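Encoded as structure tokens, the structure appears first; notes follow it.
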Amino acid sequence: MKVVVIGSGPGGYVAAIRCAQLGMEVTVVEKYPVLGGTCLNVGCIPSKALLDSSEHAHFFKANAQLHGLHAESLRVDFQQMMQRKRDVVSQNAQGVEYLLRKNKVRWKQGLASFHDETSLEVRNPDGMVERIDFDRCIIATGSKPVLPESFHFDGERVISSTEALELDEIPQRMVVIGGGVIGLELGSVYARLGTQVEVIEYAEGILPGMDRDGARALQKSLQGLGMVFHTGHAVQNVARKGDRVVVRYRTLNATEDTVADADYCLVAVGRKPYTTGLAPERAGIALDDKGRIVTDAELQTKARGVYAIGDVVSGPMLAHKAEEEGIFVAEIIAGQRPHLRYDLIPGVVYTWPEMAAVGRTEEQLRAEGIAFKTGKYPFKALGRARTSGDLDGLVKILADQQTDEILGAHIVGARAADLIMEMAVAMEFRAACEDIARTSHPHPTYSEAIREAALDALEKRAIHQ
């Protein structure tokens, strides 16, 4: 069976490898000269490289002396920091290429568009067009930043996340429009390097849709870095004036603007599906009112044998969600019956401290009329957190009031991104708080906070609180 995958991001390359493992003949079409998509090249990987580098810098400035580490001064070589980021990206891209080669997956550079529901036209970099027939096709074209026209994006001073990862200087001042994951992550990178960062968010709190206790705890930590937040504010205008950017914003019921002046304005108000040049209509593929490809429960589009995964379909725009969908579709094509639980796909904010969540929030449970109980445990009461100095944050577990089954977990704190997986696995097997509480957690570790939160949900039985 011939399978063509359009796009080589986490969804695309993982789908391609799984199809190859299942005995299919696979070709990946990627419009850029490097593999990996947004996540690897201008998203997840480079941003985490900068987050880690900036965290080292912040530790030196804020905590080194407390640990008995003394040096005359800290000099940030921003160009070297950026070069390290590029090296990390390059190494990962080479890794993806190796994996495709190892699994005998062909890949070619070119811009793919549908000719009909069983073939593609691929325009190569030299302008030549090649026709490729397929038995099955997987669309994994990803997404791109939303850039409202009123914000006058120019890619120089009014920038998206892509340009924010390639600045040639540490700004003195930066305005971030959007208090979601991307805005907070990149804003915190520059805040730790000394930039004065202001975040303007339309909603009444940062990270709308995530747990309110966790969001407030994270905001408090980020304010400790010097970040300033204007929630419940709407941006009225963004204008470039020479090498400066002026942002006008106001509260939702105000009549006068507040003005912020900065070196850069980072627009981080979301992403939208990328289908430019794909010509889905030629294959009978439908899009919804948000530009997402319409799929059924098996992620098949309106065109028989054509599937879509990742950011280009509905659901959270997460690399690991795309990976799971890629595996799911490959196994569907092979005639298997895989399962995919969207409610157990974790969400993570890679600031420091990190924030991570899986399952439902209090607001969702109330809306569904489900009686629940809550267990909480603060990081500051944790021995391991005291040894590292990472005292900010908490673990919060939501469980069914009657059955004790865990329904949601929300963590703010050191290594929250790694800790959340214990809760995701527990929920996959419908574990109860009692199960977590009866499982020995090594001491001293951050994971003990999960056990203490589970104990707190069990008639307030937490030991160290």
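Between residue 407 and 398, 399, 400, the built amide H atoms are under 5 Å apart, and every one of these is 5 or more places off in sequence or on another chain.
Just order 284-296, 36-48 by mean Cβ neighbour count inside 10 Å, highest at the front, would you? It would help to have the intermediate numbers written out before the result.
On the way: 284-296: 14.9, 36-48: 22.8.
Taking the mean over residues of other Cβ atoms within 10 Å, the ranking is 36-48, 284-296.
What are the aspartates and glutamates whose alpha-carbon lies under 17 Å from the alpha-carbon of residue 48, with same-chain residues fewer than 8 places away excluded? Once the sequence-local aspartates and glutamates are set aside, what remains near residue 48 is 87, 163, 166, 185, 354, 418. From its DSSP helices (H runs of at least four residues, each -39,500 (n - 2.57)), the chain gives a residue-normalised ellipticity at 222 nm of -9500 deg cm²/dmol. Once the Cα-Cα distance is subtracted from the 0.36 nm per residue extended length, the residue 48 to residue 203 segment shows a gain of 53.2 nm.
Give the whole-number value, in cubic angstrom per residue, of the convex hull volume spanned by the C-alpha atoms of the stretch 248-375. Don't skip to the answer; put the middle values down first.
Numbers: hull volume 29.4 nm³, N = 128.
Cα-based convex hull of the stretch 248-375, divided per residue, equals 230 Å³.
Inter-part distance, the stretch 356-404 to the stretch 293-341, computed on C-alpha centroids, equals 31 Å.
Within the stretch 90-132, whose backbone N sits under 19 Å from a point 7 Å along Cα→Cβ of residue 56? Residues 90-92 fall inside that zone.
Where does each of 386-393, 182-189 land if you order them by average Cβ count within 10 Å, highest first?
Details: 386-393: 16.5, 182-189: 26.4.
Descending mean neighbour count gives 182-189, 386-393.
Given Cα pairs under 8 Å that are at least 6 residues apart, what percent is the relative contact order of the chain?
Values: 1002 pairs, mean separation 67.3, N = 465.
Taking the mean separation of contacting Cα pairs over the length of the chain, I get 14 percent.
Taking every DSSP beta bridge that has both residues in the chain, what percent is antiparallel when rounded to the nearest 5? The partial results should precede the final answer.
On the way: 51 of 82 bridges.
Beta bridges within the chain, antiparallel portion: roughly 60 percent.
Take the cross-link list 104/302; 321/460; 220/380; 380/460; 272/321 and give me the ones stretching past 26 Å between alpha-carbons. Checking Cα-Cα distances, 104/302; 321/460 exceed 26 Å.
Contact order, relative form, for the stretch 353-457: 34 percent (alpha carbon pairs under 8 Å, 6 or more residues apart, mean separation divided by residue count). Between the alpha-carbon centres of the stretch 239-276 and the stretch 10-69 there is a gap of 28 Å.
Stretched out straight at 0.36 nm per residue, the stretch from residue 288 to residue 135 would grow longer than its current Cα-Cα span by 52.6 nm. The simple spin-label model puts a point 7 Å past each Cα toward its Cβ; for residue 343 and residue 251 those points are separated by 3.9 nm. For the chain, 19, 137, 265, 433 stand unpaired, since no other cysteine beta carbon lies under 4.7 Å from theirs.
Is the shape of the stretch 378-456 best called rounded, prolate or oblate, per the rule: a/c under 1.5 gives rounded, else a/b larger than b/c gives prolate, else oblate, with a ≥ b ≥ c the square roots of the Cα gyration tensor eigenvalues? If you can, show how the numbers build up before the last one.
Working: a/c = 1.99, a/b = 1.87, b/c = 1.07.
Cα axes put the stretch 378-456 in the prolate bin.
Label point 7 Å out from residue 459 along Cα-to-Cβ: which residues of the stretch 408-452 have amide N under 16 Å? Correct set: 433-435, 437-438.
Take the alpha carbon gyration tensor of the stretch 314-465, find the square roots of its eigenvalues, order them as a ≥ b ≥ c, and report rounded if a/c is under 1.5; if not, report prolate when a/b exceeds b/c, else oblate. It would help to have the intermediate numbers written out before the result.
Details: a/c = 2.00, a/b = 1.47, b/c = 1.36.
In terms of gyration-tensor shape, prolate.
Starting from 0.36 nm per residue, how many nanometres of slack lie between residue 168 and residue 240 once their C-alpha separation is accounted for? List each step's numbers first, then the result.
Values: separation 72, 0.36 × 72 = 25.92 nm, distance 1.85 nm.
Value of the extension gain: 24.1 nm.
If you take the C-alpha gyration tensor of the stretch 149-269, multiply each eigenvalue by 5 and take the square root, what semi-axes do you get, largest first, in whole Å? Present the calculation step by step, with values, prior to reporting the outcome.
On the way: eigenvalues 87, 64, 29 Å².
Sorted largest first and rounded, they come to 21, 18, 12 Å.
Peptides 26-32, 300-306 ranked from most to least packed give 26-32, 300-306, packing being the mean of other C-beta atoms within 10 angstrom over each peptide's residues.
Does the chain come out rounded, prolate or oblate by the C-alpha gyration tensor, with a ≥ b ≥ c the root eigenvalues, rounded set by a/c under 1.5 and, if not, prolate when a/b is larger than b/c and oblate if not?
oblate
Relative contact order of the stretch 424-465, please, whole-number percent, based on alpha carbon pairs below 8 angstrom and at least 6 residues apart. Answer for the stretch 424-465 is 32 percent.
Readers should treat all values here as calculations from the given coordinates under stated rules, not as data from a laboratory. What you see is a predicted model; the values in this text were computed from it and never measured. Don't worry about glycine lacking a Cβ; one is built from the backbone with ideal geometry, like all the others, and counts go over all protein chains shown.
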